[in-house]
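Below you'll find the structure, written out as structure tokens, and then a few comments.
The values are calculated or read from the model by the stated rules, or taken from the named source; none is laboratory data. Computed from a predicted structure; not experimentally measured. No Cβ is skipped: glycine too gets one built from the backbone with ideal geometry, and neighbour counts run over all protein chains shown. Each accessible area value is taken on the protein alone, full model and side chains, heavy atoms only, with ligands, DNA and RNA left out. Shrake-Rupley method; radii C 1.70, N 1.55, O 1.52, S 1.80 Å.
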Amino acid sequence: MILAEIDAQLTALDAPNRLIFADIPLLYECGMENSFDRVWVLSAPRGMQIDRLISRDGLSAHEAAQRIDAQMPLCEKERRADSVIHTDGSVEQTQGQIRALLRAAERRQA
């Protein structure tokens, strides 16, 4: 039902020449990658992913590792992605990568 709702909302947007972003953590696992023109994957080392899950969701290290292990391996997501944003640096470094990708996307739209 969730996938059908996402598809319905994307169809209803009808936004030519506009960038639309969808945050879908299990995009590849759900087979939705073909619903989008481009896929950007955010990437961080495993230890950092575990630390972030512990901090954000209050999981134990074991629970965080299980959640990561239940997903497609990050290296496979990176391989399939059009672009990879590395989030293991500063916020400013991550924002710089995003700005560069946005500029490239805007040029493609023009």
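Highest GNM mean-square fluctuation among L27, L19, L42, for the chain modelled with Cα contacts below 10 Å: L19.
Of all the options Q97, Q66, Q49, the one that moves most in a Gaussian network model of the chain with Cα springs shorter than 10 angstrom is Q66. Summed over all non-identical Cα pairs, the Kirkwood treatment of segment 17-75 gives a radius of 13.0 Å.
When only Cα pairs below 8 angstrom with a gap of at least 6 residues are kept, the chain shows a relative contact order of 31 percent.
Helices in the chain, meaning DSSP H runs of at least 4 residues, each add -39500 (n - 2.57). Divided by all residues, the mean residue ellipticity at 222 nm is -16500 deg cm²/dmol. For segment 67-77, the Karplus equation 6.51 cos²θ - 1.76 cosθ + 1.60, evaluated at θ = phi - 60°, returns couplings of 4, 5, 5, 6, 9, 4, x, 4, 4, 6, 4 Hz by residue, with Gly and Pro reported as x. Of the options [x] 21.7, 69; [y] 15.7, 47; [z] 13.8, 49, only one is Rg and Dmax of the Cα atoms in Å as computed from these coordinates, and that is [y]. A 1.4 Å probe, protein heavy atoms only, puts the accessible area of I20 near 80 Å².
Springs between Cα atoms under 10 Å define the GNM used for the chain, and in it the highest mean-square fluctuation of R56, R79, R99 occurs at R56.
In segment 70-84, whose amide N lies under 17 Å from the spot 7 Å out along Cα-to-Cβ of D57? List them in ranges. Inside the label zone: 70-74. Taken along the Cα-to-beta-carbon direction at a fixed 7 Å, the label points for I68 and R38 span 2.8 nm.
Considering only A105, I24, L42, the residue lying farthest towards the positive end of the dipole of the chain is A105, judged by Cα position with unit charges set on Cβ. The portion of the accessible surface of the chain made up by carbon and sulfur, rounded to a whole percent, is 53 (1.4 Å probe; DNA, RNA and ligands excluded).
Our estimate of slack between A100 and D88, defined as 0.36 nm per intervening residue step minus the Cα-Cα distance, is 2.6 nm. State whether segment 43-84 is rounded, prolate or oblate according to the following rule on the C-alpha gyration tensor (a ≥ b ≥ c being the square roots of its eigenvalues): a/c under 1.5 gives rounded; otherwise a/b larger than b/c gives prolate, and the remaining case gives oblate. Note, shape of segment 43-84 comes out prolate.
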